[in-house]
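The values are calculated or read from the model by the stated rules, or taken from the named source; none is laboratory data. This structure is a prediction, so every number in the text was calculated from the model and none was measured. When the accessible area is computed, the model is the full protein with side chains, heavy atoms only, and any ligands, DNA or RNA have been set aside. Shrake-Rupley method; radii C 1.70, N 1.55, O 1.52, S 1.80 Å.
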Amino acid sequence: MKNKPVRNTVAGRWAADNGFNTHQAIIYRNRLKQYFIPGILRQEREINNSSNPMDRYLTTFKFAMYKWDTAPSGFKRLQLALTDDWHCCYTENDAIEYANTYILPKIQLNDYWAKVYNVPANALQLLRINKQRIK
């Protein structure tokens, strides 16, 4: 019987690199999507002392991971779980590309949370930020 070729997807590559099948990787990703949402925070700051009037605002982006949290009232709310340093990407799509390429592939859960979610510690690497369509 022939081995199936590895699908060229995030889940397929992650599964091949970590000794899982693609189906199991997709199960882990779907489980984590119930709890975590990766995204990009945008901050716009006014620059008061710029010699160029076109440089009135500085826009910076950084990666953020949100986690669904249940409040004492039972209401679910998004809570900021972690962020990276501010990055000076020119556009939000640049920041998304940077996060998907350099930040998400390195993220890991600690042993406690991996056990709580019943996933491998590096399963957060299966999550991706979708690129926005900017017109």
Study note, to complete from the structure: Here the gain from full extension of ASP17 to LYS67, 0.36 nm per residue of separation minus their alpha-carbon distance, amounts to 15.4 nm
Exercise for review: Any chance you could look up the accessible area of TYR28 with a 1.4 Å probe, heavy atoms only, rounded to 10 Å²?
Suggested key: 30 Å²
